[in-house]
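See below for the structure under consideration.
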Amino acid sequence: MKSPTTLIKGGLLAASLMAFAPLAALADDVSIRLGHVLPESHSWHVAATGFAEEVNSRTEGRVAIKVFPSGQLGSEKEVIEGLQFGSVQAGLIGSGSFQGIEPRMGIIEMPYAWGARDQAFAALDGDLGVALADMLDGKGIKVLGWWENGFRNITNNVRPVEKPEDLAGLKIRVTPDKVRLATFEGLG
């Protein structure tokens, strides 16, 4: 078996976001259920747990966030639905999963849109991030912030991939979001 090769030039920064359903005024103690699909060992869970502890401390216990990892509250699609219906108050969700309720969220999933992390951070912390958050706000979801999930890489055991033409004819597993699927279909 040949060694896998990887294309690391101009990868995609997959964004995830911390989203909240609108909360009532904080007159009484508040309990927030925060769901995500990753295991407890993942950086998302570690960060979400730290966030929950900090919120609890800074609100002197008036706001308690319970983090549910590993899909305990459902798939990302189900957590999004829960945010909209109010059965889930918070979620840490990959941006591509929002395409079901807002197709324009797929712009973040465009492969090779960012040449470096700093470019992606500047866009998501700037006008693009504001515009995307406004789109989700119209769907009943408040974006609290954007988190990094790393650059995507292409691996295979057939041949080196150094330019887009090298992808022609390769079978590659791709996450099932419309933008990424269309991109890789277009690349052959």
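The values are calculated or read from the model by the stated rules, or taken from the named source; none is laboratory data. Note that the coordinates shown come from a computational prediction; the quantities given were computed from them, not determined experimentally. Backbone-built Cβ (ideal geometry, glycine too); neighbour counts: all protein chains shown.
Out of all the residues in region 87-96, which are at pLDDT 90 or above and buried (at least 19 other Cβ atoms within 10 Å of the Cβ)?
Just the residues of region 87-96 that are at pLDDT 90 or above, to begin with: 87-93.
Hits for region 87-96 are Val88, Gln89, Ala90, Gly91, Leu92, Ile93.
Inside region 39-58, can you point out the residues that are touching a residue at least 12 places away in the same chain (Cβ under 8 Å) and either touching a Leu at 6+ places or on another chain (Cβ under 9 Å) or of a type in the set (Ser, Thr, Tyr) (or both)?
Those that are touching a residue at least 12 places away in the same chain (Cβ under 8 Å) and either touching a Leu at 6+ places or on another chain (Cβ under 9 Å) or of a type in the set (Ser, Thr, Tyr) (or both): Trp44, His45, Ala47, Ala48, Thr49, Phe51, Ala52.
In region 84-100, which residue that is in a helix (DSSP H, G or I) and out of contact with any helix residue (DSSP H, G or I) (no Cβ under 9 Å at 6 or more places or on another chain) is farthest from Pro176 (Cα to Cα)? Explain how you work it out, then say what you get.
Restricting attention to region 84-100, the residues satisfying the condition of being in a helix (DSSP H, G or I) are 84-85, 95-100.
Adding the requirement that they be out of contact with any helix residue (DSSP H, G or I) (no Cβ under 9 Å at 6 or more places or on another chain) leaves 84-85.
Working: Gln84: 22, Phe85: 24 Å.
Across region 84-100, the extreme among qualifying residues is Phe85.
Given (1) assigned to a helix (DSSP H, G or I); (2) surrounded by 14 or more Cβ atoms within 10 Å (Cβ to Cβ); (3) charged (D, E, K, R), where does Glu148 come up short, assuming only one miss?
Checking Glu148 against (1) assigned to a helix (DSSP H, G or I); (2) surrounded by 14 or more Cβ atoms within 10 Å (Cβ to Cβ); (3) charged (D, E, K, R), the one that fails is (1).
Being outside any loop (DSSP other than H, G, I, E, B) and of a type in the set (S, T, N, Q) is the filter; apply it to region 28-71 and report the residue that is nearest to the chain's Cα centre (by Cα).
First, the residues of region 28-71 that are outside any loop (DSSP other than H, G, I, E, B): 30-35, 43-58, 63-68.
Checking which are of a type in the set (S, T, N, Q) leaves us with 31, 43, 49, 56-57.
On the way: Ser31: 23, Ser43: 13, Thr49: 17, Asn56: 24, Ser57: 26 Å.
Among those residues, the one meeting the criterion is Ser43.
Looking at Ser70, Ser57, Ser95, Ser87 in this structure, which one is in contact with a strand residue (DSSP E or B) (Cβ under 6 Å, 6 or more places away or on another chain) and not β-branched (Val, Ile, Thr)?
On the way: Ser70 fails: in contact with a strand residue (DSSP E or B) (Cβ under 6 Å, 6 or more places away or on another chain); Ser57 fails: in contact with a strand residue (DSSP E or B) (Cβ under 6 Å, 6 or more places away or on another chain); Ser87 fails: in contact with a strand residue (DSSP E or B) (Cβ under 6 Å, 6 or more places away or on another chain).
The conditions single out Ser95.
Do we find that Val143 is at pLDDT 90 or above and in a strand (DSSP E or B) in this structure? Lay out the reasoning, then the answer.
Numbers: at pLDDT 90 or above: yes; in a strand (DSSP E or B): yes.
Judged against the criteria, Val143 is a match.
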